[in-house]
Amino acid sequence: MAALLALISSITWGSADFLGGIAARRVGALRVLTVSYPAGVVVLIPIAIWLLPGQLSGDVALWAIAGGAVGAVAMVLLYGALARGPMGIVSPLTAVMSAAIPVAVGLALGESLGWIAFVGMALAAVAVILVSRERGEHLRASPLALGLALGSGVAIGLYLTVLGLAPADSGIWTATIARAVSSALVVGVALVWLRPRTVTHFPWLLALVAGSLDALANGVFQLAAQRGDLAVVAVIGSLYPAATVILARLILKERMSGIQATGVALALAAAAALSLG
């Protein structure tokens, strides 16, 4: 059940990243997040109260506040990367980095991984190198986009770790409160940072759907982490680039060089190997 929930969360995350990335390209990451993050709170609250009730406590609140802070940073960096670089490169690179931290924490807490998982870690390191290569007139990721993707991956890894270490009887309250904290931080930054201007044709639907899907994925992942090892469910969750890459190729017709495609394939294979290990 834990693996299935983690897989569902990965598909939902990948779809949310695709829609959010398109919206961010039109009006900027921060403007999109000011709409998508509150939308996620609205979706999660009734689920946390009525469908999947859990116990609220001081520990849950502390974990949620920490998760909300790092989650806001993660999404600003991710949407910034998706707005500046090809989704087929940014998303897998972020996924590899986001899987590394929960795996390390899980191992430190006594979880065990087999040799297949360690092969996956080696593949992940090679994938990061290959996916950053530029060849000819194919997809190119700027140093800024790559830096944002790497930073986002680290922040997402910390966020997944927070969800995984939250009290097991909390339902999805940690993800719900964390999203509310992130929303407050994002809106606050937007009020200070963004200059008032009229935005025509704001992608409301894209932002609302992306935020709702991302929030749901967070809640599902928390349920997965409560039912399985953090190191395992985190890397299964990191398979989300598969959905993003497929949607980008089908809808945006993105292309990439052979070396970059190999890097993407290795990134996905690394995540799969880690989940098997």
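For residues that are within 14 Å of L148 (Cβ to Cβ) and surrounded by fewer than 22 Cβ atoms within 10 Å (Cβ to Cβ), tally how many sit in the range 60-75.
1
Taking L268, is it at pLDDT below 85, part of a loop (DSSP other than H, G, I, E, B), crowded, with 19+ Cβ neighbours inside 10 Å and within 18 Å of the chain's Cα centre (by Cα)? Even if it seems obvious, please write down each step before you answer.
Details: at pLDDT below 85: yes; part of a loop (DSSP other than H, G, I, E, B): no; crowded, with 19+ Cβ neighbours inside 10 Å: yes; within 18 Å of the chain's Cα centre (by Cα): yes.
The answer is no for L268.
I'm told R227 meets every condition in (1) within 23 Å of R31 (Cα to Cα); (2) among the basic types (K, R); (3) touching a residue at least 24 places away in the same chain (Cβ under 8 Å) except one. Can you identify the failing condition by its number?
(1)
So if I check each of A95, A69, A48, which one is assigned to a helix (DSSP H, G or I) and out of contact with any Ser or Thr (no Cβ under 6 Å at 6 or more places or on another chain)? Please lay out each step first, then the result.
Values: A95 fails: out of contact with any Ser or Thr (no Cβ under 6 Å at 6 or more places or on another chain); A48 fails: out of contact with any Ser or Thr (no Cβ under 6 Å at 6 or more places or on another chain).
Exactly one of A95, A69, A48 is assigned to a helix (DSSP H, G or I) and out of contact with any Ser or Thr (no Cβ under 6 Å at 6 or more places or on another chain), namely A69.
Can you list residue pairs whose Cβ atoms sit under 7 Å apart, with the first residue in the range 80-93 being within 20 Å of V235 (Cβ to Cβ) and the second being at pLDDT 80 or above and polar (S, T, N, Q)? Count only pairs 6 or more apart in sequence or on different chains.
So the pair list comes out as S91/T244.
Among the residues of the range 252-261, which ones are in contact (Cβ under 8 Å) with a residue 24 or more places away in the chain and either exposed (fewer than 14 other Cβ atoms within 10 Å of the Cβ) or in a loop (DSSP other than H, G, I, E, B) (or both)?
Passing the criteria: E254, R255, M256, S257, G258.
Quick test for you: out of L274, L252, pick the one residue that is farther than 28 Å from V41 by Cβ and modelled with pLDDT under 80.
Values: L252 fails: modelled with pLDDT under 80.
From the options L274, L252, the qualifying one is L274.
Mind checking which pairs have a first residue in the range 36-52 that is surrounded by 20 or more Cβ atoms within 10 Å (Cβ to Cβ) and a second that is of a type in the set (V, I, T), Cβ under 7 Å, 6 or more apart or different chains?
Y37/V186; L44/I172; L44/T176; A48/I172; A48/T176
The values are calculated or read from the model by the stated rules, or taken from the named source; none is laboratory data. These figures come from a predicted structure and were not determined experimentally. With ideal geometry, Cβ positions are generated from the backbone for all residues, glycine too; neighbour counts draw on all protein chains shown.
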